[in-house]
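The values are calculated or read from the model by the stated rules, or taken from the named source; none is laboratory data. A quick note: this is a predicted structure, and the numbers were derived from the prediction, not measured. As a convention, Cβ positions derive from the backbone with ideal geometry for all residues, glycine included, and neighbour counts pool all protein chains shown. Only protein heavy atoms, including side chains, enter the accessible area calculation; ligands, DNA and RNA are left aside. Shrake-Rupley method; radii C 1.70, N 1.55, O 1.52, S 1.80 Å.
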Amino acid sequence: MQRTVVSLDAIAGRAGPARAAVGGAKAPACASACGGASKAVANELPPDIQAKIADHPCYSDEAHHYFARMHIAVAPACNIQCNYCNRKYDCANESRPGVVSQRLNPDQAVAKVLAVAAEMPQLSVVGIAGPGDALANPSATFETFERIAEALPDIKLCLSTNGLALPDHVDAIKALDISHVTVTLNAVDPDIAAKIYPWISFDRKRWTGRAAAEILLARQKEGIAALVAAGVLVKINSVLIPGVNDDHLVEVNAEVQRWGVFLHNVMPLISDPAHGTHYGLTGQRGPTPGELKDLQDRLGGGAKLMKHCRQCRADAVGLLGEDRNAEFTEDRIEAEAPSVDPVKRQVYRRLVARERADRQAASAEAAHHLAAAGTDESLLVAVCTRGSGRVNQHFGHASEFQVYEVDGDGVRLIGHRRASHYCQGGDGDDDVLEHTIAALEGISVVLTSKIGRCPRDRLAEAGITVFEDFAGQYIEPAAAAALRAFTGSDAAIARSA
Ligand code: CLF
Ligand code: SF4
């Protein structure tokens, strides 16, 4: 067991100490000082769908612990205007506003994909998600995909679009075997859509108001229906805009389920005057984590929800939640294309399969114990993890926390909270710590492989209990044990924490 984990780390080129197996030794001490589709659902899916999502980090929350995606920024133009977008930055439909990607031509994009694949056997998906709209730049988008498919046939191709041009390109999407398509759909009511899109460009004309919204919604619906009929897995992204479409997203979720989409991803609006967007400049706020969760809880009966989206940038590289793009800038990519070792990629997949089976068994056992205990308690647990579905990161090194809900029904990933590294060159940053505590609003427990005394005490003052006992363990059984310890039903663990 332990050998499997170490090998996964080694082959994936992940830095840091090897993780311990379940119940194994803790990671070395920290130097910091003061200063989508769940497993249960996935297993019920037809085998062909299971195969499509098994290594797609966005379509399977389990896969996102093991597999990486990369975006190639070959699509600069856009054919609509969203009120949450400033064209200086990337497409905010699949991207955090306020960051700019380096634009690539198809030659540069293919060279970059080969460089990343040579380095990262965990790369399983290449997506085009901007920086404008993939289908407003069809030549560059499809040429790039075609060449990647030739060079790396085991890579899945993924595309994100606002949907306006979608009906015109379904045949090309099928022909190139682009297996996953995301359409951003913020409303199904044209009056609500008109509040989000000031204009669209269609049929060589600029349209505004309700007329623009009607065209966009009709084209989105037509394109999605054609993709579903063609067997392409469709995900819907919706930006949650408080006071504009929050209640309406319940209707959107039910409607897209009727259309046969696979997944619905509700993303919080990120709004900041510094981004220069209409919403940012007019004071439209984004939702709080609590508002996002409340809405997701109301969407339980419609299309399945993706809850692990990181709103990554149009040139993101790596596991969701990490961004290794800086390692693959143009000046670092060698002129001669590196050779991608297919054996290394196969070995990585075999190791992941073993690790997943082991983790699933441990998670099922934890869920069984939770159900048998019949607890009425519910807990939000924030986990420091570097991947592989384990508690394996020091608190001071975390740039995000994965958030799990634990109760008698089991352990479920419900989202993440962003943070900055608390540990700055061996010293803790008090301002960062206060921001982290604010970001952990509503969280009762933090699971980490190590934390310094001062941040632990400050978190305790804020009402957050920290456990280091589960270092190296799988997240689900660790979170289940944390619930028992937190509620006092496992006094032994509580005493030792
Ligand atoms: Fe990229 Fe999007 Fe494909 Fe994923 S992202 S094109 S489906 S490979 Fe994923 Fe990033 Fe969220 Fe997008 S976490 S923003 S949902
Ligand atoms: Fe911006 Fe993307 Fe909307 Fe186009 S589709 S306006 S790039 S957010």
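Quick notes on this structure:
- Filter result for the condition that a residue is over 21 Å from SER160 (Cβ atoms) and at pLDDT 90 or above, over GLY260, GLY300, GLY283, GLY318: GLY283
- Scanning region 121-168 for residues that are in a loop (DSSP other than H, G, I, E, B) and within 15 Å of ligand 2 (Cβ to nearest atom) gives ALA129, GLY130, GLY132, ASP133, ASN137, ASN162, GLY163, LEU164, ALA165.
- Some residue of region 356-367 being among the hydrophobic types (A, V, I, L, M, F, W, C), part of a helix (DSSP H, G or I) and farther than 27 Å from GLN122 by Cα: yes
- Candidate set: region 465-497, residues that are assigned to a loop (DSSP other than H, G, I, E, B) and among the polar types (S, T, N, Q); chosen: the one modelled with the highest pLDDT: GLN473
- Some residue of region 365-376 being surrounded by 14 or more Cβ atoms within 10 Å (Cβ to Cβ), closer than 30 Å to VAL74 by Cα and not acidic (Asp, Glu): no
- For region 316-341, filtering for residues that are more than 11 Å from ligand 1 (Cβ to nearest atom), open to solvent by less than 20 Å² (accessible area, probe 1.4 Å) and in a loop (DSSP other than H, G, I, E, B) leaves 0.
- Subset of region 156-191 (residues that are closer than 23 Å to ILE241 by Cβ and open to solvent by 30 Å² or more (accessible area, probe 1.4 Å)): VAL188, ASP189, ASP191
- Residue that is surrounded by the fewest Cβ atoms within 10 Å (Cβ to Cβ), among those in region 220-245 that are touching a helix residue (DSSP H, G or I) at 6+ places or on another chain (Cβ under 6 Å) and not aliphatic (A, V, I, L, M): GLU222
- All of (1) within 16 Å of ligand 1 (Cβ to nearest atom); (2) modelled with pLDDT of 95 or more hold for ILE270 with one exception: (2).
- Checked across region 342-352, the condition of being open to solvent by 50 Å² or more (accessible area, probe 1.4 Å), more than 16 Å from ligand 2 (Cβ to nearest atom) and of a type in the set (A, V, I, L, M) holds for at least one residue.
- Boolean, GLN102 is more than 15 Å from ligand 1 (Cβ to nearest atom), surrounded by fewer than 24 Cβ atoms within 10 Å (Cβ to Cβ) and not in a loop (DSSP other than H, G, I, E, B): no
- Search result, residues across region 230-245 that are in contact with a strand residue (DSSP E or B) (Cβ under 8 Å, 6 or more places away or on another chain) and not in a strand (DSSP E or B): VAL232, ASN245
- Whenever a residue of region 122-150 is assigned by TED's automatic domain parsing to the domain that holds CYS312, its partners that are more than 16 Å from ligand 2 (Cβ to nearest atom) and of a type in the set (Asp, Glu), lying with C-beta atoms within less than 7 angstrom and at least six residues away or across chains, give the pairs SER124/ASP55; ALA149/ASP177.
- Every residue from region 386-407 that is on the phi < 0 side of the Ramachandran plot, open to solvent by less than 20 Å² (accessible area, probe 1.4 Å), part of a loop (DSSP other than H, G, I, E, B) and of a type outside the set (A, V, I, L, M, F, W, C): ASN392
- Set LEU295, LEU281: member being open to solvent by 40 Å² or more (accessible area, probe 1.4 Å), among the aliphatic types (A, V, I, L, M), more than 16 Å from ligand 1 (Cβ to nearest atom) and within 17 Å of VAL244 (Cα to Cα): LEU281
Let's see how each residue does on (1) assigned by TED's automatic domain parsing to the domain that holds GLU322; (2) of a type outside the set (D, E, K, R); (3) farther than 29 Å from VAL352 by Cβ; (4) over 20 Å from the mean Cα position of the chain (by Cα):
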residue: ARG390; (1), (2), (3), (4): no, no, no, no
residue: GLU400; (1), (2), (3), (4): no, no, no, no
residue: ASP407; (1), (2), (3), (4): no, no, no, yes
residue: VAL432; (1), (2), (3), (4): no, yes, yes, yes
residue: ALA439; (1), (2), (3), (4): no, yes, yes, no
residue: ASP457; (1), (2), (3), (4): no, no, yes, yes
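- VAL252 fulfils the conditions (1) surrounded by 23 or more Cβ atoms within 10 Å (Cβ to Cβ); (2) in contact with a Phe, Trp or Tyr (Cβ under 8 Å, 6 or more places away or on another chain); (3) β-branched (Val, Ile, Thr) except for a single criterion, (2).
- Those residues of region 193-216 which are within 16 Å of ligand 2 (Cβ to nearest atom) and either open to solvent by 20 Å² or more (accessible area, probe 1.4 Å) or of a type in the set (Ser, Thr, Tyr) (or both), in sequence order: ALA194, LYS195, TYR197, PRO198, TRP199, SER201, PHE202, ARG206, TRP207, THR208, ILE215
- Qualifying residue in region 279-299 (condition: closer than 23 Å to ALA134 by Cβ, away from ligand 2 (no atom under 16 Å from the Cβ) and either touching a strand residue (DSSP E or B) at 6+ places or on another chain (Cβ under 8 Å) or not assigned by TED's automatic domain parsing to the domain that holds LEU152 (or both)): no
- Filtered by the rule that a residue be more than 16 Å from ligand 1 (Cβ to nearest atom), under 29 Å from TYR279 (Cβ atoms) and either of a type in the set (A, V, I, L, M) or not assigned by TED's automatic domain parsing to the domain that holds CYS82 (or both), region 223-248 gives ILE241, VAL244.
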